[in-house]
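Here you go, one structure.
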Amino acid sequence: MINSLLHTSIEYLKGVGPKRADVLKSELNIFRYRDLLNHFPFRYVDRTQTILIKNILESTDNVQLLVKIIDVKELGQPRKKRLVVTASDESGSIQLVWFRGVKWLKSAVKVGEYYVVFGKPTVYGNRINFNHPEIELEEKNKNKAGSLQPVYHSTEKLAAFGLHSKGLENLMRNLLPQVMNVIPLTLSKRIEQKNNFPNVNSAYSNIHFPQDKIALQKSILRLKYEELFFLQLGMTRQKINTRKKSKGYIFNKVGNNFNDFFNNHLPFELTNAQKRVVKEIRKDLGSGMHMNRLLQGDVGSGKTLVAVLTILLAIDNGFQACLMAPTEILANQHFKTILNFLKPLGIKISLLTGSVKKADRKVIHESLENGSLNILVGTHALIEDKVKFKNLGISIIDEQHRFGVAQRAKLWKKNNFPPHVLVMTATPIPRTLAMTFYGDLEVSVIDELPPGRKPINTIHRFDSSRLKVFQFIEDEIKKGHQVYIVYPLIEESEKLDYKDLMDGYESIVRRFPLPHYKVSIVHGKMKPEAKDYEMSQFVKGQTQIMVATTVIEVGVDVPNASLMIIESAEKFGLSQLHQLRGRVGRGAEKSYCILMSGYKLSKEAKIRLETMVRTNDGFEISEQDLKIRGPGDVMGTQQSGVLDFKLANLARDGQLVQLAKIDVDELLNMDPHLSSSDNQSINTELLRQIKLKPNWSNIS
Ligand code: ADP
Ligand code: MG
C-alpha cells in the first residue's frame, strides 16, 4: 500500500501529464514518483549571498547578483540571433548574453523587474559580461526561512516544456506533501539516534526545501550515509554468506620447512607489519574456511617474503602452491628470489612462462600432476587448461591490477576444492574504496617499510635542465650506483613514443659512451629473450643505465639503483609514477627521482607532479588520485556502475564511509539476520536495492 503511491507513474502528478512525462522519462530517467523525489537539487540559491557588481573581479568564479533589467535587445542575423540584456544594481551595470533559447527568454525577461542572476563573469576592459547565466525573477516579500532555493538539473528539452529548474521545483512542491507520510523508513531508529540524523521525512523535505543551512546539511549527510550504508551492508552480507558456504583446506601445522626457514634462513628480521600480516594469514589458513585475502603494501614493503612464508605453510601441510605475476620479467624475478630464499630447504620449484620450451613444459606438467613439484611460479601460462596440479593449496597473485577478475576465478577452479587465494597489490587502493569494494575480500595491509629506507628525494625538472640532469646521472654512476630512465608508451601515440624512446636512448649512449659506460634498453617490442638478457645485465650490475618503457613498472628489484628519471612525466598517471619511483630506494643508499616535463602542463598534470614531489606515501598518493580521477576510473569501468551515487563522493566522504562501515559491522554483529523489529526497515530497503542492482554480486 505504502509503496504503491511512490510507484505511481509520474504522468499522474499534478502539473505533468503525458507529454511532460515523456520528456521526464527520456531526459532524466524519471518514471515514477519515487524517481522525482530522488532528483535532488545540485545547488541552492541563497538570497542572502548576492554581491555588488562593482565587486566582481575577473578572477571570480560563479557569482550571484540581484539586478534590475534595463534593456533587452535581440541582435545578429536571423539564424544566429543572440539576446543581449543590460542589467544594473546600485554599483554598476552588466551585460547578459544568450545564444540559445533566445525567443523564450526574450518574452520571459521583463524590463524594470528585479532578477537574481547566477553565472561566471568575463571582464573586457571595464565591461562585465555573463554568457548564459541562470536567471530568475526575484520574488519580493520572500520569507527569510525559505531563503535557500533549490536548483535542479534540467536540459534544454525539458526547458522547452517549461521544466527548467523552477518548473521542476513546482512539481516537487506538488509531490512532497502527497508522499510526505508514506516515504518508507530506511534506517533503524537506533542508527538514526546514534548518528543524530533527521528522520526520513525531514531529510527529504529539507533536501528539496531547506529550512536553513543546518537542516540542509544534516539531511544531505543522512541521505549520503544511506547510500554508503546500504552498499556496504549488501557487500558485507554477501561476504558472510560466501564465507559460510565455502570451506577450505586446513593448514593447521606449522612444520619443518616454515620453522627451519624462519629460524635459520631469514635474511632479515621481519617488520612488525610483516609479522602481523603473516599472523592474519595463518589464522585464515587454520580456520577451515576458504581464504580470499587482499594483501596491500606499498612498493618495497616486502610482500614477497610474506608470500614465501605463506607458501611454506602450504607445503608443510602437504599442498602445492603457485605464484602468478603479470609479466615475464616479474615472474622471472620472483622465481629467482624464491629459489634463493628456499635453496637451503630442498623444496622443488619451477618457472612456467610463455617462453618455456615445449620439452621443459612437459616435465613441469608431469611433476605438477604427480606432486613432486612444490611450487610453480609463472605468468598467465599458469592458468592454461593443460596445467593441472595434484593438490594446489594456495594461489598467490602478484600485482592484482593487471589481472582480470575472470582470470582469478579460473585459477580457483584448478581443483575440486578451491585453493586459498592471496592477492598482493602494490597499488594502494584508497581506504574508502577498499572498504566499499572489497567488502567481500579480507584485507591485510603492510603499512611499514623495512628499516633503513630513506625517503626518495623527488625533483621536478623542465626539459631545458637536461644538461644538469646528465651531470647528475654521471655523479651517481661515479658513486657506483645505477640509473633508470623511463619513457612513456601510450597506445594512441605509440609510433611517436617509440621514436622518443629511441632518440632518448641514442642521446644517452652518446653522452655515456662505451667502454666507460654501458647502457641497457628494454621495451615491449623486443623478443622476450632479448628483454631478459638486457634486464639481467642490469640486475647483475654489468650495465649502469637502464633505458626502458613502463615494462619495468612493477616489481623489478635492483637495490643498487639509486636514480629514477621519468621522461615526459606529465603523461603518466599518479599511481604509475609512484610505481616507477618505487624501483629505486630499495637499497640503503640515498635515492632520487627526477620527473622531467615540458613547460606546458595541464592543471591536473601539475597537481600530479606536485603530489609526487611532496610525498612518498602511497596511500596519500592514491587518495589524491581518487580526487583527480574519480572512483570509476580508479577501479576500472566494469565496477563504476555500482558507484553511481547520487550524493556521496568516495573521494570526499571518506569519514562517512568509515562511519557507515562501523555501523554495518555493529548491526550485523547484533542482528545478523536483520530480524529484530527495529531493523525491519533496513531489511526491506536492502532487498529493494539488491533487486535494483543485480551487479552487486559481480564485484571483486
Ligand atoms: P614489494 O612489496 O614491493 O614486493 P619486495 O618484497 O620486493 O617488496 O621487497 C623489497 C625489498 O625489501 C627486497 O629487496 C627485500 O629483500 C627487502 N625486504 C623485505 N622485507 C624486509 C625486511 N623485513 N627487512 C629488510 N629488508 C626487507
Ligand atoms: Mg613485489
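The values are calculated or read from the model by the stated rules, or taken from the named source; none is laboratory data. Not measured: the values here are computed from a predicted model. Heads up, the Cβs are rebuilt from the backbone with ideal geometry, glycines too, and the neighbour counts pull from every protein chain shown.
Could you please find all residues in segment 648-678 being buried (at least 19 other Cβ atoms within 10 Å of the Cβ) and either of a type outside the set (Gly, Ala, Ser) or at positive phi (or both)?
Selection gives Leu650, Asp653, Leu656, Val657, Lys661, Asp663, Val664, Leu667, Leu674.
Take the residues in segment 481-510 that are more than 20 Å from Gly541 (Cβ to Cβ) and either assigned to a loop (DSSP other than H, G, I, E, B) or touching a helix residue (DSSP H, G or I) at 6+ places or on another chain (Cβ under 6 Å) (or both), then tell me which one is modelled with the lowest pLDDT.
Ile490
Quick one: would you say Ile250 is loosely packed, with under 15 Cβ neighbours inside 10 Å, farther than 28 Å from Leu687 by Cβ and touching a Ser or Thr at 6+ places or on another chain (Cβ under 8 Å)?
yes
Being among the aliphatic types (A, V, I, L, M), surrounded by fewer than 22 Cβ atoms within 10 Å (Cβ to Cβ) and in a helix (DSSP H, G or I): is that true of Ala203 here?
no
Taking the conditions exactly as written (part of a loop (DSSP other than H, G, I, E, B), assigned by TED's automatic domain parsing to the domain that holds Gly587 and closer than 26 Å to Lys590 by Cβ), does Tyr517 satisfy them or not?
On the way: part of a loop (DSSP other than H, G, I, E, B): yes; assigned by TED's automatic domain parsing to the domain that holds Gly587: yes; closer than 26 Å to Lys590 by Cβ: yes.
Yes: the conditions hold for Tyr517.
What are the residues in segment 443-466 that are of a type outside the set (A, V, I, L, M) and within 16 Å of ligand 1 (Cβ to nearest atom), if any?
Selection gives Ser444, Asp447, Glu448, Pro450, Pro451, Gly452, Arg453, Lys454, Pro455.
Confirm whether Ser597 is modelled with pLDDT of 85 or more and either more than 17 Å from Leu433 (Cα to Cα) or polar (S, T, N, Q) (or both).
Yes: the conditions hold for Ser597.
Hey, any hits in segment 119-135 for a residue that's modelled with pLDDT of 85 or more, within 22 Å of Ala215 (Cβ to Cβ) and among the β-branched types (Val, Ile, Thr)?
So far as segment 119-135 goes, no, none of its residues is modelled with pLDDT of 85 or more, within 22 Å of Ala215 (Cβ to Cβ) and among the β-branched types (Val, Ile, Thr).
Being in contact with a Phe, Trp or Tyr (Cβ under 9 Å, 6 or more places away or on another chain) and either under 27 Å from Thr304 (Cβ atoms) or away from ligand 1 (no atom under 16 Å from the Cβ) (or both) is true for just one of Val509, Val469, Val539. Which residue is that?
Every option except Val509 fails the conditions.
Show the residue pairs that are 6+ apart or on different chains and have beta-carbon atoms under 6 Å apart, the first residue being within segment 333-360 and assigned to a loop (DSSP other than H, G, I, E, B), the second being within 16 Å of ligand 1 (Cβ to nearest atom).
Every condition considered, the pairs that remain are Thr353/Ala331.
What do you reckon, is Ile220 away from ligand 2 (no atom under 16 Å from the Cβ) and surrounded by fewer than 20 Cβ atoms within 10 Å (Cβ to Cβ)? Don't jump to the end; show me each part of the working.
Details: away from ligand 2 (no atom under 16 Å from the Cβ): yes; surrounded by fewer than 20 Cβ atoms within 10 Å (Cβ to Cβ): yes.
Against the criterion (away from ligand 2 (no atom under 16 Å from the Cβ) and surrounded by fewer than 20 Cβ atoms within 10 Å (Cβ to Cβ)), Ile220 qualifies.
Can I ask one more? What about Ala307, is it touching a His at 6+ places or on another chain (Cβ under 9 Å), in a helix (DSSP H, G or I), touching a residue at least 40 places away in the same chain (Cβ under 8 Å) and away from ligand 2 (no atom under 16 Å from the Cβ)?
When the stated conditions are applied, Ala307 does not pass them.
Is it the case, given these coordinates, that Val558 is of a type in the set (A, V, I, L, M) and within 16 Å of ligand 2 (Cβ to nearest atom)?
Working: of a type in the set (A, V, I, L, M): yes; within 16 Å of ligand 2 (Cβ to nearest atom): yes.
It is true that Val558 is of a type in the set (A, V, I, L, M) and within 16 Å of ligand 2 (Cβ to nearest atom).
Which of the following residues is crowded, with 18+ Cβ neighbours inside 10 Å, of a type outside the set (A, V, I, L, M) and on the phi < 0 side of the Ramachandran plot: Ser536, Ser568, Ser507, Ser562?
Residue meeting the stated conditions: Ser562.
If you check every pair at least six apart or on different chains, which have Cβ atoms under 8 Å apart with a residue in segment 386-398 that is more than 20 Å from Ala359 (Cα to Cα) first and a residue that is among the hydroxyl-bearing types (Ser, Thr, Tyr) and part of a loop (DSSP other than H, G, I, E, B) second?
Gly393/Tyr249
Does Gly234 meet the test of being buried (at least 20 other Cβ atoms within 10 Å of the Cβ) and either closer than 30 Å to Lys691 by Cα or among the polar types (S, T, N, Q) (or both)?
Yes; evaluated as a whole, the condition is true for this residue.
Is at least one residue of segment 520-528 in a helix (DSSP H, G or I) and crowded, with 16+ Cβ neighbours inside 10 Å?
The answer is no; no qualifying residue exists.
Residues are listed down the side, and each one gets a yes or a no for (1) closer than 16 Å to Leu37 by Cα; (2) touching a His at 6+ places or on another chain (Cβ under 7 Å); (3) in contact (Cβ under 8 Å) with a residue 40 or more places away in the chain:
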position: Tyr152; (1), (2), (3): yes, yes, yes
position: Lys194; (1), (2), (3): no, no, yes
position: Phe197; (1), (2), (3): no, no, no
position: Lys218; (1), (2), (3): no, no, no
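Does segment 243-262 contain any residue that is over 31 Å from the mean Cα position of the chain (by Cα), within 15 Å of ligand 1 (Cβ to nearest atom) and more than 30 Å from Gln193 (Cα to Cα)?
Yes; the residues of segment 243-262 include at least one that is over 31 Å from the mean Cα position of the chain (by Cα), within 15 Å of ligand 1 (Cβ to nearest atom) and more than 30 Å from Gln193 (Cα to Cα).
Scan segment 279-290 and give yes if some residue there is of a type in the set (Lys, Arg), within 16 Å of ligand 2 (Cβ to nearest atom) and free of Cβ contacts under 8 Å to residues at least 40 places away in the same chain, otherwise no.
The answer is no, given that none of the residues of segment 279-290 is of a type in the set (Lys, Arg), within 16 Å of ligand 2 (Cβ to nearest atom) and free of Cβ contacts under 8 Å to residues at least 40 places away in the same chain.
Here is a further query. Just to be sure I understand the filter: pairs with C-beta atoms under 7 Å, separated by 6 or more residues or on different chains, first member in segment 250-268 and among the charged types (D, E, K, R), second member surrounded by 12 or more Cβ atoms within 10 Å (Cβ to Cβ). Which pairs pass?
Listed by first residue and then by second, the contacts come to Lys253/Asp316; Lys253/Asn317; Asp260/Leu345.
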